[in-house]
Amino acid sequence: MKKCFDCKRIYPLFMFTTNPRPYQRPQHQGKNLVCRLCTYKRWSEGMFAWTLNANNKFEKIEFKSKLEIIKKLFL
């Protein structure tokens, strides 16, 4: 169980995406600070997202629909 940084609710670990960064605190348990629901809300407002790619560089992903956001987050 882990607490979301944005909505302050407690969710199981599957509600958080994995964090690929090598340096993080042990209490984060290899997951991001914000749950998938809050991430969906943030990404659907602007229809874009900043993500960390395989080369450890940030890239901007622009979405055409909310269905693409759901596929990126939950699949």
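No value in this document is a laboratory result; all are computed from the given coordinates. Nothing here was measured: the structure is a model prediction, and the numbers come from that model. Using ideal geometry, Cβ is built from the backbone for each residue, glycine included, and neighbour counts are taken over all protein chains shown.
See the values below:
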{"item": "Members of 8/64; 31/60; 3/64; 41/71 lying beyond 26 Å, as alpha-carbon distances in this model show", "result": "8/64; 3/64"}
{"item": "The chain: relative contact order as a whole-number percent, Cα under 8 Å and 6+ apart", "result": "23 percent"}
{"item": "Test item: Cα-centred dipole of the chain, Lys/Arg +1 and Asp/Glu -1 on Cβ, debye", "result": "220 debye"}
{"item": "Viscosity 1.306 mPa s, temperature 10 °C, Stokes-Einstein D of the chain from Kirkwood C-alpha radius, µm²/s", "result": "120 µm²/s"}
{"item": "Angle between the chain longest axis and helix 36-46 axis [Cα atoms, degrees, rounded to 10]", "result": "30 degrees"}
{"item": "For the chain, calculated [θ]222 nm from helices alone, where every DSSP H run of n ≥ 4 adds -39500 (n - 2.57)", "result": "-8000 deg cm²/dmol"}
{"item": "Listed residue (17, 29, 39) projecting farthest to the positive dipole end of the chain, Cβ model", "result": "29"}
{"item": "Listed residues 41, 64, 31, most fluctuating in the chain (Gaussian network, C-alpha, under 10 Å)", "result": "64"}
{"item": "Fluctuation leader among 55, 32, 19 - the chain, Gaussian network, Cα springs under 10 angstrom", "result": "55"}
